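The values are calculated or read from the model by the stated rules, or taken from the named source; none is laboratory data. A quick note: this is a predicted structure, and the numbers were derived from the prediction, not measured. Because the Cβ atoms are built from the backbone with ideal geometry, glycine has one as well, and the counts that use them run over all protein chains shown. These accessible areas exclude ligands, DNA and RNA; they are computed on the full protein's heavy atoms, side chains included. Shrake-Rupley method; radii C 1.70, N 1.55, O 1.52, S 1.80 Å.
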Amino acid sequence: MASAARKYSVLLPTYNERENLPLVVWLPVRSFEESGNEFEIIIIDDGSPDGTQEVAEQLIKIYGSDKILLRPRAKKLGLGTAYIHGMKHATGNFIIIMDADLSHHPKFIPEFIKTQKEGSFDIVSGTRYKGNGGVHGWDLKRKLISRGANFLTQVLLRPGASDLTGSFRLYRKEVLQKLMEKCVSKGYVFQMEMIVRARQLGYSIGEVPISFVDRVYGESKLGGNEIVSFLKGLLTLFATT
Amino acid sequence: MTKLLQWLGSLALLGGIWAALMLDLVGLHAFSPSWYQVLWALPTYLLVTLGCYSLGVVGYRLATFNDCQAASLELQAQIREARADLARRGMKF
């Protein structure tokens with residue numbers, strides 16, 4: 001092979017995802033096997049009481065411990081530290097982060113990889129707001145909040161990427177490591193901060209339109225608290241970056 | 001420079017130009033009194049225009065937000081396929 005070997009590490013932070021996990025592993029494995037790309041899937045489970053880890057063990061038996069890695073933590077510690085934890089065990093030079101609740105379809109991973117190669121991007125971000133991107137399972141109110149929040153973010157931060165709160169992305173490993181050192185926010189704001197800091201540090205960002213299908217199993221969450229913390233985070237980024 | 005400072009800077013610049021024209025600090029005497037009525041209300045017009053533009057953009061994007069029905073159906077089908085395949089390989093759900 002002429003170019004340096006590429007390996008993709010998919011980080012899957014989970015908490016009570018026993019229903020979704022087999023599917024969210026099966027789908028990318030199939031797609032990686034079809035494309036022939038080197039890969040590994042790292043499951044970072046935060047001590048789920050529902051048996052997510054047993055499911056992961058079964059998947060390791062089926063696919064092999066070189067392809068599926070379970071790197072659990074004792075309790076729920078948040079997304080940011082889950083990525084740091086997962087990266088410690090990642091052997092790929094590219095990291096893919098996605099939600100483990102099937103709202104992010106692994107079929108887009110080959111498109112992320114293709115876009116990254118074409119533009120030699122440091123980051124490729126999935127976007128619900130461009131091209132064929134979109135959502136499923138959201139009512140009008142939720143769509144309005146999402147569009148409004150996105151518009152406000154674009155106006156205030158001019159981030160040069162159309163979907164800041166999404167969490168389906170591909171990073172060069174060293175870029176993600178660098179960003180993890182810089183980012184301090186939590187939740188939605190954490191995803192926003194990653195893009196804003198990436199721009200500050202001069203990293204290039206490509207985009208792939210994705211369809212976001214809201215949770216098939218389990219509860220989806222968007223409460224008043226989330227809106228307040230989103231606004232707080234947005235204003236913090238507005239004032240500090 | 002933070003985004004906040006960029007905004008404050010731009011606003012101060014525009015506000016400065018506006019105030020200079022309103023108070024005729026440049027000494028141009030370029031405007032007739034009827035012009036001053038327009039100039040006086042200009043910031044309000046701009047604000048209202050901006051608000052309308054924002055509502056228009058958000059409304060348009062809301063109306064054209066793709067509803068990915070096909071993606072959902074595809075996923076449902078793949079979930080059945082995946083479960084069958086995994087069960088065949090010895091997975092206990």
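A Förster radius of 22 Å, combined with the Cβ-Cβ distance separating B:Leu55 from A:Leu231, puts the computed FRET efficiency at roughly 0.75.
Across peptide A:150-162, the mean count of Cβ atoms from other chains lying within 10 Å of each residue's own Cβ comes to 2.
Averaged per residue, chain A has 42 square angstrom of accessible surface, using a 1.4 angstrom probe with ligands and nucleic acids left out.
For segment A:99-160, the Cα-based Rg and Dmax, in that order, read 13.8, 38 Å.
Find the sum over both chains of the accessible area lost when B and A are paired, probe 1.4 Å, and report it in Å² to the nearest 100.
Working: alone 8510 and 11790 Å², together 16790 Å².
Buried area between the two chains comes out at roughly 3500 Å².
Pairs A:Lys76/A:Lys182; A:Lys130/A:Lys178; A:Lys75/A:Lys141: which are spaced more than 32 Å apart, C-alpha to C-alpha?
Numbers: A:Lys76/A:Lys182 22 Å; A:Lys130/A:Lys178 27 Å; A:Lys75/A:Lys141 34 Å.
Check vs 32 Å cut-off fails for A:Lys75/A:Lys141.
Taking label points 7 Å from Cα along the Cα-to-Cβ direction, B:Val38 and A:Glu57 give a separation of 7.9 nm.
Over chain B, average the accessible area per residue using a 1.4 Å probe and give it in Å², no decimals. The partial results should precede the final answer.
Numbers: 6730 Å² over 93 residues.
For chain B, the per-residue accessible area is 72 Å².
Contact residues in segment B:1-29 by the 10 Å² criterion (accessible area, 1.4 Å probe, full protein complex versus chain alone): B:Thr2, B:Lys3, B:Leu4, B:Gln6, B:Trp7. Counted over the protein assembly as shown, the DSSP beta bridges are approximately 25% antiparallel.
Using the Kirkwood formula on the Cα atoms of segment B:1-44, what hydrodynamic radius do you get, in angstrom to one decimal?
Every distinct Cα pair counted, the radius reaches 11.6 Å.
Suppose R0 equals 30 Å. What FRET efficiency, 1/(1 + (r/R0)^6) with r the Cβ-Cβ distance, do B:Leu62 and A:Ser35 give to the nearest 0.05?
On the way: r = 36 Å, r/R0 = 1.19.
Plugging the Cβ-Cβ distance into 1/(1 + (r/R0)^6) gives 0.25.
Peptide A:14-23 has a mean shielding of 2, counted as Cβ atoms of other protein chains within 10 Å of each residue's Cβ.
Note on A:Ala5 and A:Ala74: the model spin-label points, each 7 Å out from Cα along the C-beta direction, lie 3.6 nm apart. Would you mind classifying segment A:77-127 by shape? Square roots of the alpha carbon gyration tensor eigenvalues, ordered a ≥ b ≥ c; an a/c under 1.5 is rounded, otherwise it is prolate if a/b is larger than b/c and oblate if not. Oblate, because a/c is 1.5 or more while a/b does not exceed b/c. Using Cβ point charges alone (K and R +1, D and E -1), the dipole size of chain A about the Cα centre works out to roughly 700 debye. Where does the Debye-calculated log10 I(q)/I(0) of segment A:149-241 sit at q = 0.18, 0.21 Å⁻¹, using only Cα point scatterers of equal weight, no solvent? For the requested q values the scattering log ratios are -0.88, -1.16. Computed over segment A:76-212, the percent of Cα pairs more than 23 Å apart is 30. The distance between label points at A:Ala239 and A:Lys186 comes to 1.9 nm (points 7 Å beyond Cα on the Cα→Cβ vector). For A:Glu17, the accessible area of its heavy atoms, probed at 1.4 Å with every protein chain present, is near 20 square angstrom. Less than 5 angstrom separates the built amide H of A:Gly134 from those of A:Ile210, A:Ser211, A:Phe212, all sequence-distant by 5 or more or on a different chain.
Compute the Kirkwood hydrodynamic radius of chain A, taking the inverse of the mean of 1/r over all pairs of distinct Cα atoms, and give it in Å to one decimal.
Working: mean 1/r = 0.0548 Å⁻¹.
About 18.2 Å for chain A.
Rounded to the nearest percent, how much of the accessible area of the protein assembly as shown (1.4 Å probe, protein heavy atoms only) is carbon and sulfur? That share works out to 60 percent. Along segment A:35-48 the Karplus relation, 6.51 cos²θ - 1.76 cosθ + 1.60 evaluated at θ = phi - 60°, assigns HN-Hα couplings of 7, x, 6, 5, 7, 8, 10, 10, 9, 10, 9, 8, x, 4 Hz to successive residues, with x for each Gly and Pro.
Scaled against the 2.2 N^0.38 Å expected of a compact globular protein of N residues, the Cα radius of gyration of segment B:48-93 reads 2.23. Taken over chain B, the alpha-carbon convex hull comes to 177 cubic angstrom per residue.
With R₀ set to 45 Å, the beta-carbon distance separating A:Leu144 from B:Leu13 gives a calculated FRET efficiency near 0.85. Rounded to the nearest whole Hz, the Karplus-based 3J(HN,Hα) values (6.51 cos²θ - 1.76 cosθ + 1.60, θ = phi - 60°) of segment A:102-115 follow the sequence 6, 6, 9, 7, x, 4, 7, 4, x, 5, 4, 5, 5, 4, with x at glycine and proline.
Residue by residue along B:73-82, Cβ atoms of other protein chains within 10 Å of the local Cβ number 5 on average.
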